[in-house]
Amino acid sequence: MRKNQVLCSIISLLLLLMVCIPGGVLAEEPDEIISEPEGTQTPVPSEPILGLIYNGTVDVQSSISVTADSGVSYTIPGNTPIGVLVTVMNAGAIEKLSIGDELMEKKGTLLLYGIGNLSSGNGNGWFVKVNGERLEDVVLAETMGLSRYALKEGDVVLYTLGDPKGMVSESKAYLTVTIGRVNEAEPEPVQEPSAGNSTEETDESAEITDTNTDTYTGQSDEEEEPLSDETPEDQKPEKTTSGGQEVLYTGSLSLPSGTITIETTGGDYDINAATPLGILHKLLEDDKISDLTVSDKAMKKGGILILEGINDYQFTGDKTWFVLVNNVLLKDYLYDEEGLNVYTIKAGDEVGYYFGEPSEPASAAQVKLVITIE
């Protein structure tokens, strides 16, 4: 009896060992590893990892050279948003930049299209904030252009790829740069004229004075001829003004419909007639204005046409045309939906076209043209 009990204990122990030992004949099968067939596995994305791609402090130079996508090189201030990016690229922190120069001739500013392999497109664009304030780099190109805006020591610059109206946390990628030392160009030493040169200049000045005196005394008031045959400025017909502004035209217009073909510097485009540019085209057809200049150099970035000139008033570098609808500024090109060939005008709207500085009140503009839509 005792032998049977011992034998049973040994058999039970052996069975237990066969179950517990890994790989034993009675061990449970391991969980099956599920893997996709080799031909259907999800490919590794070729784009870089999105999110924060750089954060650091940068000392900037007085000037720096940047090459645009067109192949043309420009020398710009180093303490500008694009100048800082070039410094970061030269340091090896980012691989490359995509820079547009379509607006360089007209507005004196470069555009940021891409950082590394991350480019604008599919509803996303690169935009820049300085100390939390958005730079309107095209609407206010003269002061906020990315190759013109002057950064100071301690400024925090945020470059974000995404929806300009969205949150940074929802963006595809971003960089933050704190501005360190701003190196300014050393002024050239002033060369003082030698004593001999000073004497010669004094003698030349004396000769000019004597000549002017002789000319003046040799003519009586009756013999003095006018400086030119043109009518003096103060005798020319006065232009229509209102509160110190020249008024090109004011009036009402029935809301246009359908599409119109508008001529630009780069070709013809069909646009909605019920837009700020469509209305100007109607005024041109009705001889209310004599000339209309539209640029298509921003079509690549956002499908936006830019108003460059009306009549003799063309973009000069310090003044540009901007549009207010019901006294609200349209930030054309900055936002696709506010482009002057995109924004839809309604009956009852007041559309004002102003030539001046968009950051200043409309009343400070040099020229205006105001249309009420019926």
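What follows draws every value from the coordinates through simple rules; no lab data is involved. Every value quoted in this text rests on a predicted model; they were computed, and no experiment measured them. Glycine also receives a Cβ, built like all others from the backbone with ideal geometry; neighbour counts cover every protein chain displayed.
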Note to self: For a test of the definition: using alpha carbon positions, the gyration tensor, and the 1.5 limit on a/c, classify region 62-148 as rounded, prolate or oblate.
What the structure shows: rounded
Next item on the list: May I ask you to evaluate 6.51 cos²θ - 1.76 cosθ + 1.60, the Karplus curve with θ = phi - 60°, for each residue of region 65-74 and list the ³J(HN,Hα) values in order in whole Hz, giving x for glycine and proline?
Entry: 9, 10, 9, 7, 4, 6, x, 7, 9, 10
Next item on the list: Provide the gained length on full extension for the span SER63 to THR259, in nm with one decimal, where the gain is 0.36 nm per separating residue minus the Cα-Cα distance.
Entry: 65.9 nm
Next item on the list: Once you've got the Cα coordinates, tell me which of LYS107/LYS282; LYS96/LYS152; LYS288/LYS346; LYS152/LYS172; LYS297/LYS331 are over 19 Å apart.
Entry: LYS107/LYS282; LYS96/LYS152; LYS288/LYS346; LYS152/LYS172
Next item on the list: Between beta-carbons, use under 14 Å as the cut-off and find the net charge around ILE64, counting Lys and Arg +1, Asp and Glu -1.
Entry: -1
Margin query: Give me the one-decimal nm value for the distance between modelled label points at SER70 and GLU170, 7 Å along each residue's Cα-to-Cβ direction.
Written below: 3.6
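Report, in cubic angstrom per residue, the convex hull volume of the C-alpha atoms of region 261-355.
Here the figure is 98 Å³ per residue.
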Checklist line | Cleavage-rule hits (trypsin sites (Lys or Arg not before Pro)) in region 91-166: DSSP loop, at most 11 neighbouring Cβ within 10 angstrom | finding: LYS96, LYS152, LYS165
Notebook entry, point to check: Which value, in debye to the nearest 20, gives the size of the charge dipole of region 295-374 about its Cα centre, when Lys and Arg are +1 and Asp and Glu are -1 at the Cβ?
Noted result: 160
